[in-house]
Amino acid sequence: MKKRLLAFFVCLSAVAGLSACGTQEKGALGKLTFGDAGWDSMRFHSAVAALVAESAFELETDEISGSTAVTYGALKTGDIDVFMEMWTDNIATYEEDLASGSLKELGVNFDDNIQGLYVPRYVIEGDSERSIAPAAPDLRTVADLKNYKDVFKDPNDASKGRIYGAISGWEVDAVIRAKVKFYGLDALYNYMDPGSDAALSAAISSAYEKGEPVLAYYWEPTWITGKYDLVLLEDAPYAEALYSTGACAFPSIRITIVANPDFYAGNPEFCEFLSKYKTSSGLTSEALAHLNETGASYRETASWFLRQHDELLTGWLSAEKADLVREAIS
């Protein structure tokens with residue numbers, strides 16, 4: 001799902017390599033570099049952890065950006081200290097790297113993330129406030145879509161419906177295409193490759209704001225699912241043997257927090273906080289929706305988020321350190 005590649009960020013000369021600002025040593029006390037592999041939820045969680053690091057632990061923080069492959073490599077070498085959002089299914093060597101001691105898994109950030117085919121709730125239930133009548137009142141499952149091609153009509157082909165699929169090149173695209181074929185929807189719908197995450201979210205947002213039906217692949221957590229009331233269509237329970245055929249639901253993925261072993265050894269108190277850092281797909285989507293709607297920075301959104309969910313500080317930190325964070329965000 002996280003298949004977007006970004007150009008690797010270098011903030012000094014080539015001699016500085018992956019040192020972020022040229023001075024950090026592996027596992028150095030007082031310094032902390034987060035990895036940014038290119039998506040909003042990871043940046044948000046890094047901003048929350050950085051705010052806590054600076055206000056409660058007196059750690060200097062920085063961030064190195066790059067593709068998943070590059071930043072993951074930098075995490076293992078110690079040029080990056082912490083990943084706040086490790087999508088474990090996207091790293092073939094993850095379990096091997098944990099077993100060899102190349103990485104230290106601190107805990108699970110969230111594991112209730114979902115993905116699949118979504119429709120706006122008003123398509124099923126209507127929305128009296130917007131004067132929208134239910135267009136597909138019996139739509140519950142992916143299989144039910146065979147009855148509703150005229151609801152999700154392709155504007156360029158009146159004989160078929162339109163499904164906005166995943167982006168070409170993402171592994172999930174092959175699964176969604178297989179799902180469309182498995183349920184016989186390929187004879188009823190045109191599968192549209194949106195070309196980019198931005199184009200896909202724009203298609204959903206535009207339809208939702210107009211109160212129009214839209215059927216699209218998406219995932220959580222994202223600002224789209226935080227801002228709009230979307231319904232994930234039901235599917236058969238996940239089964240590994242059926243997954244690639246499209247005949248079942250997607251599995252939830254353990255999104256872990258991972259540290260370089262040197263940083264872990266040198267910063268046990270902060271890593272204890274990271275081991276208690278737990279959120280959810282819903283909380284993350286809420287924060288991303290706020291970021292999108294307000295235009296706030298990641299740090300501003302982190303402050304807002306912790307003011308909204310003070311109970312998280314109580315669970316993550318000692319009373320003394322929680323109060324230091326509260327003072328910083330007040």
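The values are calculated or read from the model by the stated rules, or taken from the named source; none is laboratory data. Since we're looking at a predicted model, the values are computed, not measured. Here the Cβ positions follow ideal geometry from the backbone for every residue, glycine too, while neighbour counts run over all protein chains shown.
Residues checked against (1) closer than 21 Å to D111 by Cα; (2) assigned by TED's automatic domain parsing to the domain that holds V175; (3) not in a loop (DSSP other than H, G, I, E, B):
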position	(1), (2), (3)
L200	no, yes, yes
I204	no, yes, yes
A207	no, yes, yes
Y217	yes, yes, yes
V258	yes, no, yes
Region 89-116, residues that are in a strand (DSSP E or B) and farther than 27 Å from L232 by Cβ: K104, E105, L106
statement: Going through (1) assigned by TED's automatic domain parsing to the domain that holds I204; (2) in contact (Cβ under 8 Å) with a residue 40 or more places away in the chain one by one, P237 fails only at (2)
message: Testing V172 on (1) outside the structural domain of Y238 (by TED's automatic domain parsing); (2) within 18 Å of the chain's Cα centre (by Cα); (3) of a type outside the set (S, T, Y), one condition comes back false. Which one is that?
response: (1)
message: Quick test of your reading of the structure: D262 fulfils all but one of (1) over 16 Å from the mean Cα position of the chain (by Cα); (2) over 16 Å from A178 (Cβ atoms); (3) part of a loop (DSSP other than H, G, I, E, B); (4) not β-branched (V, I, T). Name the failing condition by number.
response: (3)
- request: Please indicate, with yes or no, whether at least one residue in region 288-296 is among the polar types (S, T, N, Q), in contact (Cβ under 8 Å) with a residue 12 or more places away in the chain, part of a helix (DSSP H, G or I) and in contact with a helix residue (DSSP H, G or I) (Cβ under 8 Å, 6 or more places away or on another chain).
  value: yes
statement: Filtering region 314-330 for residues that are closer than 24 Å to R254 by Cβ and part of a helix (DSSP H, G or I) leaves a count of 2
field: Count of region 117-152 residues which are assigned to a strand (DSSP E or B) and among the aliphatic types (A, V, I, L, M)
entry: 3
- prompt: Picking from G30, G73, which residue would you name as being at positive phi and more than 15 Å from the chain's Cα centre (by Cα)?
  reply: G30
message: Checking the structure you have, find out if any residue of region 153-173 is in a helix (DSSP H, G or I), basic (K, R) and within 28 Å of S244 (Cα to Cα).
response: no
message: Every residue in region 171-191 that is modelled with pLDDT of 95 or more and not aliphatic (A, V, I, L, M), please.
response: R177, K179, K181, F182, Y183, G184, D186, Y189, N190, Y191
- line: Going through (1) outside the structural domain of T284 (by TED's automatic domain parsing); (2) touching a residue at least 60 places away in the same chain (Cβ under 8 Å) one by one, N109 fails only at (1)
message: Restricting to region 39-88, name every residue that is of a type in the set (V, I, T) and assigned to a strand (DSSP E or B).
response: T61, I64, V82
- line: Residues of region 303-327 being of a type in the set (A, V, I, L, M, F, W, C), over 23 Å from L288 (Cβ atoms) and surrounded by 14 or more Cβ atoms within 10 Å (Cβ to Cβ), in sequence order, are L317, A322, L324
task: Could you tell me which numbered condition E95 fails, if it satisfies all but one of (1) buried (at least 22 other Cβ atoms within 10 Å of the Cβ); (2) more than 20 Å from the chain's Cα centre (by Cα); (3) under 15 Å from T256 (Cβ atoms)?
output: (1)
- request: Could you figure out which of (1) outside the structural domain of D323 (by TED's automatic domain parsing); (2) touching a strand residue (DSSP E or B) at 6+ places or on another chain (Cβ under 7 Å); (3) closer than 14 Å to Y118 by Cβ; (4) not aromatic (F, W, Y) isn't true of S281?
  value: (1)
query: Among the residues of region 219-255 satisfying the criterion of being of a type in the set (D, E, K, R) and over 20 Å from D111 (Cα atoms), which is surrounded by the fewest Cβ atoms within 10 Å (Cβ to Cβ)?
result: D229
Identity of the residue in region 269-287, assigned to a helix (DSSP H, G or I) and among the polar types (S, T, N, Q), that ends up surrounded by the most Cβ atoms within 10 Å (Cβ to Cβ): T284
